[in-house]
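Student: My questions will all concern the structure given below.
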Amino acid sequence: QLVYPHDFRLTEKEKTSICYLSFPDSYSGGLGDTQFSFRLRQAGASRPSPFQDDGRYNREAPLTLQREASHYFGYVYFRQVKDSSMRRGYFQKSLVLVSRLPYVNLFQCLLQLIAPEYFDKLEPCLEAVCNEIDQWPPPVPGQTLNLPVMGVVIQVRIPSRVDKPGSSPVKQCNQENLLPAPLVLPSVHELDLFRCFQPVLIHIQMLWELMLLGEPMVVMAPSPSVSSELVLALTSCLAPLRYCCDFRPYFTIHDSEFKEYTTRTQAPPNIVVGVTNPFFIKTLQHWPHILRVGELRMAGDLPKQVKVKKLAKLKTLDTKPGIYTSYKTFLHKDKTLIKRLLKGIQRKRPSEVQSALLRRHLLELTQSFIIPLEHYMASLMPLQRAITPWKNPPQIRPFCQEDFMKSLEHAGPQLTCVLKGDWLGLYRRFFKSPNFDGWFRQRHREMSQKLEALHLEAICEADIVAWMKDKSEVEIVDLVLKLREKLVRARCQHLPVKEETLQRVALYIDTIIGSLPEDLQAVLHH
């Protein structure tokens, strides 16, 4: 019906997809308001982002919170109420906020403020809200933002890549005494993991392994809210490791990728997909892992835990909750976590405390797995003394899986993790997953940039005049061109180099040019 701001261009395909993804696609019977989210592949040519920040945000934000390049997130507020004046007897409408940022808490909180007003006052309300949002500062990692909207100030801190993983959000200090008192969000994106994982707490280990390995998984839930929260919780359980596969918190049969995902002629893609329509039980029966859950209810006792069942037991339509898979975990179950969570339930510990326990456990598990890889990767970096100013920097040595496996004997996950099991088998399987590929590329890029930076510093320390003494003009001109190229690259790629180093290299270039005959100087200055 309406897109705000009016100048935001969506393709027809995107509009159609957004329309289908903005409504529950199976009869939920629940009247009232519900909120959920989806993720949508961008269609058509890429469009420039309205925020030109030269990539600074993505360099400083945690990998898990980077701005998406080819997907949009949709955050939905859906209202369904009886209304006899409507043809179908119901008022049904959704307000959707579209963003490239995965700030699920911030945007759902924003919709809770805007949507009820919008359903009441329609377009003028959106115009007023957009004018306010236009004044918001850009999200800068590490900063606490005060975001005024509709008479409320939302206060939230944008996480940064240099935050210590697992540290609790920095207590937000209110320098300005804001009136009215701000609505403080403890996190821009973290879900209540304990609530999301309630029916599968005893299988958390298995789910973590399936996510780590990038296995195809279907989450079948009774509503888009349950499906989207569970999918987002699953993809977040590898933090600080980035989940590099595709994921769809909510997916319908009208989606343009429906055929791609349901075909039986090829293996299912590496994706976690959340669905609510019972029709999917039939069309996705060939997927290797299917998690079926009921409504999430916070009860005083440990909710009924689903059982692991064979895929053959997947009955159409009346499928009972369960994890339908033949997957055998590599690691043994962690009984202490379940005991601690049970004790928390008995002591009526608040959900956020239970969630913090769960998040800490998953973080320690991921770190135990990743630290040996980080150590081995660091050992592939050339020694600093091998970096000389007048030669190209040495190459990073290739990653050899067998050498890594040998290194585990004395520096493996057993140093930091009590869990027993087949860690080697888990690593071997991980090497085949998109998550390893994504992690390796990111690390390799960072190491190459570090090498470039060290090389520039070595050039700065060198005696350039002594080097030039016995060199021909051709060699000197060649050096000028190479140094210039390095300088441009350092600025374009934002290499981790001090500004004074770059200025000294620029000064070097001028000094060298100044020592050349005038005709060459003119050409090089040109």
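The values are calculated or read from the model by the stated rules, or taken from the named source; none is laboratory data. Only a predicted model underlies this, so the values are computations on that prediction, with no experimental measurement involved. Cβ atoms come from the backbone with ideal geometry, glycine included; neighbour counts cover every protein chain shown. Ligands, DNA and RNA are stripped out before the accessible areas are found, and what is left, the full protein with its side chains, is counted by its heavy atoms. Shrake-Rupley method; radii C 1.70, N 1.55, O 1.52, S 1.80 Å.
Student: Starting from 0 in steps of 10 Å, tell me what percent of the Cα-Cα pairs of segment 191-450 lands in each bin.
Tutor: The distribution over segment 191-450 is 6, 27, 31, 21, 10, 3, 1, 0, given as percents.
Student: Are there chymotrypsin sites (Phe, Trp or Tyr not before Pro) in segment 192-221 that DSSP puts in a loop and that have at most 13 other Cβ atoms within 10 Å, and which ones? Mind dumping the intermediate values first?
Tutor: Numbers: sites: Phe194, Phe197, Trp208; in loops: Phe197.
Listed in order of number, the matching sites amount to none.
Student: Taking the DSSP beta bridges in segment 191-450 as the whole, what percent of them are antiparallel, to the nearest 5?
Tutor: Values: 5 of 17 bridges.
If I count the DSSP bridges inside segment 191-450, around 30 percent turn out antiparallel.
Student: Another question about this same structure. Find the centroid of the Cα atoms in segment 251-273 and in segment 53-115, then give the distance between the two in whole Å.
Tutor: When both Cα centres are located, 23 Å separates them.
Student: Compute the FRET efficiency between Asn392 and Glu364 as 1/(1 + (r/R0)^6), taking r as their Cβ-Cβ distance and R0 = 41 Å, and round to the nearest 0.05.
Tutor: Working: r = 41 Å, r/R0 = 0.99.
So the FRET efficiency works out to roughly 0.50.
Student: Once a ≥ b ≥ c are taken as the square roots of the eigenvalues of the Cα gyration tensor of segment 363-450, is the result rounded (a/c under 1.5), prolate (a/b larger than b/c) or oblate (a/b not larger than b/c)?
Tutor: Working: a/c = 2.41, a/b = 2.01, b/c = 1.20.
Since a/c reaches 1.5 and a/b is larger than b/c, the shape of segment 363-450 is classed as prolate.
Student: In percent, what relative contact order does the chain have, based on Cα pairs under 8 Å that are 6 or more apart in sequence? Please list the in-between numbers first.
Tutor: Details: 722 pairs, mean separation 62.6, N = 526.
Relative contact order for the chain comes out at 12 percent.
Student: Once the whole set of protein chains is in place, how much accessible area is left on Cys130, using a 1.4 Å probe, in Å² to the nearest 10?
Tutor: Estimated to the nearest 10 Å², Cys130 gives 30 Å².
Student: Which is farthest toward the positive dipole end of the chain among Met381, Ser225, Gly421, measuring Cα position about the Cα centre, with Cβ charges +1 (Lys, Arg) and -1 (Asp, Glu)?
Tutor: Among Met381, Ser225, Gly421, the one farthest towards the positive end of the dipole of the chain is Gly421.
Student: Taking the dipole about the Cα centre of the chain, with the C-beta of Lys and Arg at +1 and of Asp and Glu at -1, give me whichever of Tyr327, Gln449, Pro141 is farthest to the positive side.
Tutor: Result: Tyr327.
Student: Determine the sum of side-chain charges near Glu229: Lys and Arg each +1, Asp and Glu each -1, restricted to other residues whose C-beta is under 9 angstrom from that of Glu229. Before the final figure, lay out the partial values.
Tutor: Numbers: positive: Arg195; negative: Asp192.
Overall, the nearby charge balance is 0.
Student: Something else: Computing the accessible area with a 1.4 Å probe over protein heavy atoms, can you report the carbon and sulfur percentage for the chain? Please list the in-between numbers first.
Tutor: On the way: 15370 of 27650 Å².
On the chain, the fraction of accessible area on carbon and sulfur atoms equals 56 percent.
Student: Mind checking Rg over Rh on segment 463-525, alpha carbons, Kirkwood formula for Rh? Let's see the in-between values first.
Tutor: Values: Rg = 12.3 Å, Rh = 12.4 Å.
A ratio of 0.99.
Student: Can you order the peptides 473-479, 249-255, 156-162 by their average number of other Cβ atoms within 10 Å per residue, highest first?
Tutor: Details: 473-479: 13.9, 249-255: 22.4, 156-162: 18.4.
For the peptides 473-479, 249-255, 156-162, the packing ranking is 249-255, 156-162, 473-479.
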